[in-house]
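What follows is a short report on a single structure.
The values are calculated or read from the model by the stated rules, or taken from the named source; none is laboratory data. Note that the structure is a prediction, hence the values are computed from the model and not measured. Heavy atoms of the whole protein, side chains included, go into the accessibility calculation; ligands, DNA and RNA do not. Shrake-Rupley method; radii C 1.70, N 1.55, O 1.52, S 1.80 Å.
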Amino acid sequence: MRQVAADLKSRGDLGFVPTMGALHAGHMALVELAVRENAGVAASIFVNPTQFGDPEDFDKYPNTLDADLTMLEQAGVEAVFLPDVSVIYPPGDETIVETTKLANMLHGEVRPGHFRGVTTVVTRLFNIVQPHRAYFGKKDYQQLAVIRRMVSDLHIPVEIRGVETVRDADGLALSSRNVRLTPEQRRAAAVLNAALTDAEEAIRGGADLDAARRVIRERIGAAPLARLQAIDIVDAATFEPVEGRPNGMVGIMVSALFGDVLLIDQREVTP
Ligand code: AMP
C-alpha cells in the first residue's frame with residue numbers, strides 16, 4: 001500500500017478517505033471533496049476492532065464490499081486499502097495513541113476506549129498511506145476534534161479536512177447504522193435533526209444554552225420511539241463545554257437510542 005500511495009504521490013497531492021465500509025452518500029461526499037482537492041485519492045475500508053466496546057456491534061457491522069468498490073471506482077478513487085486485522089495490529093503489537101482529555105469526555109465517557117481505538121488506527125493508516133490530506137465527516141464531531149488534536153500534537157504532516165453532514169430528505173444524517181432501524185424507528189429518527197433545528201433557532205433568537213437544551217429535550221421527548229442519551233454543547237474551536245449565552249460558534253451534539261441502535265447528530269451554530 002505504501003508503494004501504491006508513493007506512485008500516486010508522484011503525480012501530485014494524495015487525498016485519503018478512511019472508512020469502515022458499508023458506504024453511502026455521506027462517505028461519498030468525503031470522496032468527492034478529496035477528488036476535487038488532490039491529484040490522486042486513496043480510500044481504506046477497515047472495520048477497526050479496537051474502537052468497538054461491544055463485540056456484538058463489531059460482529060454485526062454491515063459489509064457491502066462489492067458495492068463499496070464500485071462506488072469508489074466510479075467516483076475516481078484509484079486505490080483502496082483493505083488490510084487484514086493482523087496487518088494493522090501485528091502479533092505482539094502494544095502501542096496505542098490517545099488524546100488523554102478529549103477521548104475521555106462526552107461521547108468518550110460513555111464509550112470507554114472508543115476514541116483511543118480511532119486515534120490508534122488512524123495513526124497506523126496515516127503512517128502506511130502518508131497522504132497530504134485526509135477527510136473526515138462532521139457528523140462524528142468529537143472524532144474530528146480528536147483527530148485534529150492528535151495530528152497537531154504529534155506533528156503529523158497530514159492536513160485534516162472536515163466535511164458537512166449529508167442527510168436524507170427528512171433530515172436524518174446518513175449512517176451505516178440506519179439500516180438496522182425498523183420502518184417506525186426510521187421515521188422517528190428524523191427527530192434528531194429537527195431538535196437541532198429547534199435549538200439553532202432558539203440560540204439565534206437570543207436564547208441561552210439551557211433553553212437550547214430544553215427545546216432539544218422537549219422535541220426528542222415528544223418522539224415515543226426515541227430515548228435521549230446526551231446533549232453536549234461545546235465551543236467549536238476549543239471543544240470546551242460552554243454554558244449561558246455563547247459568544248462564538250458552538251457545536252451541539254445529540255445522541256439517542258432507537259431500539260438498540262444509537263444514533264448521533266451534530267450542528268454548528270453561530271449565535
Ligand atoms: P465510518 O465508515 O462510519 O467510520 O465513516 C467514515 C467517515 O465518513 C467518517 O469520517 C465519518 O464522519 C464520515 N461520515 C459518515 N456518515 C457521514 C455523513 N452522513 N455525512 C458526512 N460524513 C459522514
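Annotations for the structure displayed:
- Candidates Met150, Met253, Met105, ranked by Gaussian network fluctuation over the chain, Cα under 10 Å, top entry: Met105
- For the options Val35, Val261, Val87, a Gaussian network treatment of the chain with springs between C-alpha atoms closer than 10 Å singles out Val87 as fluctuating the most.
- Heavy atoms of the protein chains alone define the surface here; on that basis the chain has 47 Å² accessible area per residue at 1.4 Å probe size.
- Qualifying lysines (Cα of each under 27 Å from Cα of Lys139; at least 8 residues distant if same chain): Lys60, Lys101
- Kyte-Doolittle mean at least 0.0, axial Cα span of 20 Å or more - DSSP H helices of the chain: 114-129
- Solvent-accessible area, 1.4 Å probe, carbon plus sulfur percent, for the chain: 50
- In region 176-269, the ratio of gyration radius to Kirkwood radius, Rg to Rh, stands at 0.99 when only Cα atoms are counted.
- The chain: most fluctuating residue of Thr95, Thr197, Thr19 per GNM, C-alpha cutoff 10 Å: Thr95
- Ellipsoid semi-axes in whole angstrom, largest first, where each is sqrt(5λ) of the Cα gyration tensor of the chain: 32, 21, 19
- Relative contact order (%) - region 176-269, alpha-carbon pairs under 8 angstrom, separation at least six: 29
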